[in-house]
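A.B. asks: I have a structure I would like to understand better, so I am pasting it below and will then ask my questions one at a time.
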Amino acid sequence: MTKGITMKAWQVQLGGWGSIAWLGSFHLMELAKDKGFDQSATTLAGYALGFVTAFVSYLFWEVIHGGWGAILGEERGLLRIVSSIPLLFLALLGLLAFLNGIFNNSMPWFYNLSFAFAGIIVAQGLVPIINEIDGRKP
């Protein structure tokens, strides 16, 4: 690795392979559902939704903490604030669905586990890659 890079090799691997797994999960989920592997399809759905929820939550967090320009553009005014509302809505919806699945016991354990696993992959792998590319320190 070159001088100045603060990331570890495992973070690059985790972020890269985790993102590839997320992209592949949509096709695999459909294939598993067609073949009758309902548990596998539910696990992949948890991973896909967990990945999206964690990533959107990261984007909203960055917007709130001064990353308006990098994420939503340099334009000022009401449109900028209105643009952040869908990020908040998606983050809260995903979090509330996850908590509902846990406390109401409406989702199986393998869905919840894959949802949480995807959040870890985004937080520990994808976010450091994005911050490194943007030149921001963690």
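Quick note: the coordinates plus some simple rules give every number you see, no bench work behind them. Please read all numbers here as calculations on a predicted model, not as lab measurements. Here Cβ is always computed from backbone atoms with ideal geometry, including for glycine, and neighbour counts include all displayed protein chains.
A.B. asks: Span-like helices, the chain: DSSP H, alpha-carbon axial extent 20 Å or more, mean Kyte-Doolittle 0.5 or greater, which ones?
C.D. replies: Qualifying helices: 38-64, 78-103.
A.B. asks: If you stretched the chain out fully between Ile64 and Ser40, how much longer would it get, using 0.36 nm times the residue separation minus the C-alpha to C-alpha distance?
C.D. replies: 5.0 nm
A.B. asks: Looking at the square roots a ≥ b ≥ c of the eigenvalues of the Cα gyration tensor of the chain, which shape do they give, rounded for a/c under 1.5, prolate if a/b is larger than b/c, or oblate?
C.D. replies: In terms of gyration-tensor shape, oblate.
A.B. asks: Still on this structure, please answer the following. Trypsin sites (Lys or Arg not before Pro) within region 16-108: which are DSSP loop residues with at most 11 other Cβ atoms inside 10 Å?
C.D. replies: Listed in order of number, the matching sites are Arg76.
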